[in-house]
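Chemist: Got a structure here, written out as structure tokens. Questions coming.
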Amino acid sequence: MLQIKDISKQYKTGDFVQRALDDVSLTLRDNEFVAILGPSGSGKTTLLNIIGGLDRYDQGDLVINGISTKQYKDRDWDSYRNHTVGFVFQSYNLIPHQSVLSNVELALTISGVSRVDRRRRATEALNKVGLGEHINKKPNQLSGGQMQRVAIARALVNDPRIVLADEPTGALDSETSVQIMDLLREVAKDRLVVMVTHNPELAYEYANRIVELKDGVIRSDSRPVEREETGDETAAMHRRMGKASMSFATSVALSFNNLRSKKARTILTSFAGSIGIIGIALILSVSTGVNRYITDIQKETLTSYPIEINEQTFDMNKILDTAQATADSKEHAKPRNGIYPDDSSIKGAASLTNGIASNNLSPFKQYLDKPGNEVRAHVGDVGIQYSYAPKFSVFTHDAKGTLVDVDGVKVGGSSVTTESGASTLAGLDSSSNDIGHFQSLQISKLTGKADNNKAPAAFAEIMPGRHPDKQPISSVITDNYQVVKGHWPKSSDQVVLVLDKSNQIPLAQIYELGLLPSADYNDMMNRLQSGEKVKTNTDRIDYAKAMDQPLTLLPAADQYVKDGDGRYRYVGDDATEVGKLMDSPNAMKLHVVGVIRANEDAKTTPLTPGIGYTRMLTDELIAHADSSQIVASQKADRTRNILNGMTFAPSDDSTKAANAKAYVASLSVSQQASMAKNIMTQTPGGMGAAGPSQPADVTAQRNSAAGAAGNPAAAANPQNAASGMGEQQTADAFNRYLATAPENVLVSIYNQYVSTGTYDGNLADFGVIGRDAPSSIKIYADSFEAKNAIEDAIRKYNDGAKKKDRIVYTDYAGLMMNSVTTIINVITYVLSAFVGVSLVVSSIMIGIITYISVLERTKEIGILRAMGASKRNVSTVFNAETGIIGLCAGLIGIAVTLLLIVPGNAVMHHFMGTNRVNAMLPVSGAIILIVLSVVLTLIGGLIPSRKAARQDPATALRTE
């Protein structure tokens, strides 16, 4: 039983107040057909909406079967409408884009009934109203009477206790009206039917109770409920009447069907929404192509120019700071009166010498080898390369059988090059290896320190992979070089001949490798020095000839022979001895197994023309030195030099005097005579002088040498005396004097001429290399950001290291490419600005489109609310619609972008003059853009969807 107790309802429009219901009280039975009559504005539709929960009363109470609705909230009214009430409207209020069956299923869908069950129940309801054959039609394919039958079937499908009909025959003809009224009378047999109508004839004919309203007050009731019919009255209790919920799939289905019914508009809307996505996608594609190009350039650049740390290096920062300070002082110099010397060249030379730094690489290597250090977190694909400088010599015979040192050093009086290092400098290019080698040459010249027994300049180690034992040759090499003949080395005794991109190699190296007669080279150089014109031999040389050229490697330790006195003697410059060593078992025969050439498009060429060997050979040479006899002999006596028998760094004068005698005795006659002449002709402060602190010793050396020549007048003019004697006489006289020379003279000679060497220096000359002390460390990064992070990590290392262990490194890429990062940032900022504008425009447009959709579907909102859909359900429906539009917009945007990329790349290639920059849309980017399109659409549709959810259902139903 439904009880309306003292209900009042008024509407306010500005200052005008209209009272629609005024303390109306009415009790309705559970099964009767009630017709409410009254003129327009009497409040009958308001009363019907309040009974149906579409409108709210201001005062009073609506009691349904003892349940009070005073405290009902929106969700309670939603459940009430869904489970208790069925609506039949004058204008049918069917959703046009849904089928007849789907319209009837709607109430069951909102109730959460399973798909199979709701289809069965909806079909039964349609069969009852005589529309079983029309279940798959759309509402616009039915007549008015049929559509009203669908509305009745929809009202009955959830088996409600109350059916509310608002002018159900108002839009029908007389015959159809009778049919609908007959159907409603049949329905009223087992439930309450309340009908609002303007047709009193139909009301009196079919309804069994007539209630008349006027001015919001009940004027008459043909069959009021008597007091005894209500039974024992108890206080009405608050209780919910079930739960209504629409699944997300239902929301999507409703939205999809609506969009499908307006295909052309949906496509145009989606395309309009995709314009922003297309713009973003195109920018992203171009940005990706440019960034990939920049990344490739960065990787190529940083692979060619890694952060390099050598045992000895130029501190470029100090040198540049000095140069900048000098330039600044000149720029800001005040006008002067007079002539002032310019000392900038002297300061520049001093800065070069002072800028030479020594690095202790052992502790730094330990730091790099620790897992989790900051440097390794930013290292690129190439990784960290430790280089070791094995010491060895390579010899061969040219076509005429002449013994040739591959390094161009004189062997038995012959020389391939006129100046040490000339061939190396001739092949110098801009790679980091060449720059590093050139730098080492300059450091050697400035410091005067020679690297004895170093490997030939034409030989260079091929960069290994990150794990040399598994990858002896780095992919950087194999990717940028091609094998034109033969194959890559597979063992330690295999090497390759490296050519440049033009298949060329420096002419000096051709002679050094014995591919052309060394005599021809010497003749050519002599003629050049004489000012004659020469014709160089640039004829083609077969690959096979180069690969068949025999090369013999002699480790540094094997170039010393032990004499009868137990001392070792260096024989690497003796042609006869070298010939013997080449035939010894320790000599390693190298095989040129391949000829390689840099690819035409190679951007990273770390190998210079010459001979390339692998880390396997380096490892073998290190192991050989450690096990050699000479190294074992030196390690057995750490205090004495096994080459000359002298004590390392003697601390007393008597030992120094003895070492001086031993040293002179070990010299040849020519060397002894030369030393005597130097002593006799030297002056304090001159070349070879003992120094300012020993002028007396220098004078003693000069006068004693002259006296030893047997000519008293020589003491007065020792230079004339020396010029009148032969080498043998001078040497004999010098030795006789040294036999009885005072100790202070011998000590002076020792300090000036004698070098006992050092224990570590000897081991280094013999080829001993510690694995923990590489000769250089190269750290490769793949981007400038990673390089900068590595530099920051090195600075942190220096901050915590002892002064002697701090690292000075050379960053060639930073010196030459410092502006690249700025350019990259500018490009990124510009592209980001374009993306931001596109996003804003896209969001605004999508919001407008969604708002229009809400306005168009206002009546559908009312239908959904009448069926019991909650505000959240309505909001979900429109969010699903905007989401679908966003998905379509994203897919269209990606598809159009992919189509535009093809001609776009052709245009870019034409105007940029390179095909290395290719716009490309990454898969991840496409997915993100589609998701972004959906998200933006949802964000843009939030306000319209909330507006839709806040729509008053009664007002929405009246909207056309």
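Computed from the coordinates by the stated procedures, all read-outs in this text should not be read as laboratory data. Worth saying up front: this structure is predicted, and the values here are computed from it rather than measured. Here the Cβ is made from the backbone with ideal geometry for all residues, glycine too, and neighbour counts use every protein chain on show.
Chemist: Could you tell me the extents of the stretch 2-244's C-alpha atoms along the three principal axes, largest first, rounded to whole Å?
Modeler: 47, 45, 39
Chemist: What whole-number distance in Å separates the alpha-carbon centres of the stretch 853-931 and the stretch 494-570?
Modeler: One Cα centre to the other: 69 Å.
Chemist: Oh, and also: Per-residue counts of other Cβ atoms within 10 Å, averaged by peptide: what ranking do you get for 922-931, 796-805, highest first?
Modeler: On the way: 922-931: 14.7, 796-805: 12.1.
Taking the mean over residues of other Cβ atoms within 10 Å, the ranking is 922-931, 796-805.
Chemist: If the viscosity is 0.890 mPa s and the temperature 25 °C, what Stokes-Einstein diffusion coefficient in µm²/s follows for the stretch 1-59 when Rh is the Kirkwood radius over Cα pairs?
Modeler: Result for D is 200 µm²/s.
Chemist: Okay, next question. Sort 874, 534 so that the residue with the fewest other Cβ atoms within 10 Å of its own Cβ comes first and the one with the most comes last. Could you put the intermediate results ahead of the total?
Modeler: Working: 874 27, 534 12.
Placing the least packed residue first, the sequence is 534, 874.
Chemist: Along each principal axis of its Cα atoms, how long is the stretch 514-556 end to end? Whole angstroms, biggest number first, please.
Modeler: So the three principal-axis extents are 37, 31, 11 Å.
Chemist: List the relative contact order of the stretch 527-592 as a percent without decimals, with contacts defined as Cα pairs under 8 Å and 6+ residues apart. Before the final figure, lay out the partial values.
Modeler: Details: 54 pairs, mean separation 24.3, N = 66.
Relative contact order comes out at 37 percent.
Chemist: Order of 636-642, 376-382 by packing, highest average Cβ count within 10 Å first? Mind showing how you got there, number by number?
Modeler: On the way: 636-642: 14.3, 376-382: 17.4.
Descending packing order for the listed peptides: 376-382, 636-642.
Chemist: In bins 5 Å wide, starting from 0, what share of all Cα pairs of the stretch 560-618 does each bin hold, as a percent?
Modeler: Using 5 Å bins, I get a P(r) of 4, 12, 15, 15, 14, 12, 9, 8, 6, 3, 1, 1 for the stretch 560-618.
Chemist: So how do 476, 85 line up by other beta-carbon neighbours within 10 Å, fewest first?
Modeler: Working: 476 23, 85 27.
Listing 476, 85 from fewest to most nearby Cβ atoms yields 476, 85.
Chemist: Let me ask something additional. For the stretch 2-244, compute the number of Lys pairs whose alpha carbons are separated by less than 20 Å, excluding pairs fewer than 8 positions apart on the same chain.
Modeler: Summing the qualifying lysine pairs gives 16.
Chemist: I would also like to ask the following. Taking the highest mean first, how do the peptides 299-310, 209-220 order by number of other beta carbon atoms within 10 angstrom per residue? Please list the in-between numbers first.
Modeler: On the way: 299-310: 22.6, 209-220: 18.1.
Top of the packing list down: 299-310, 209-220.
Chemist: At 10 °C and 1.306 mPa s, grab the translational diffusion coefficient of the stretch 1-142 from Stokes-Einstein with a Kirkwood Rh over Cα pairs, rounded to a whole number in µm² per second. Kindly include the intermediate steps, with their values, before the conclusion.
Modeler: Working: Rh = 17.5 Å.
Translational D for this selection: 91 µm²/s.
Chemist: Going by how many other Cβ atoms sit within 10 Å of their own, how do 44, 603 line up, fewest first?
Modeler: Numbers: 44 28, 603 16.
Exposure proxy ranking, most exposed first: 603, 44.
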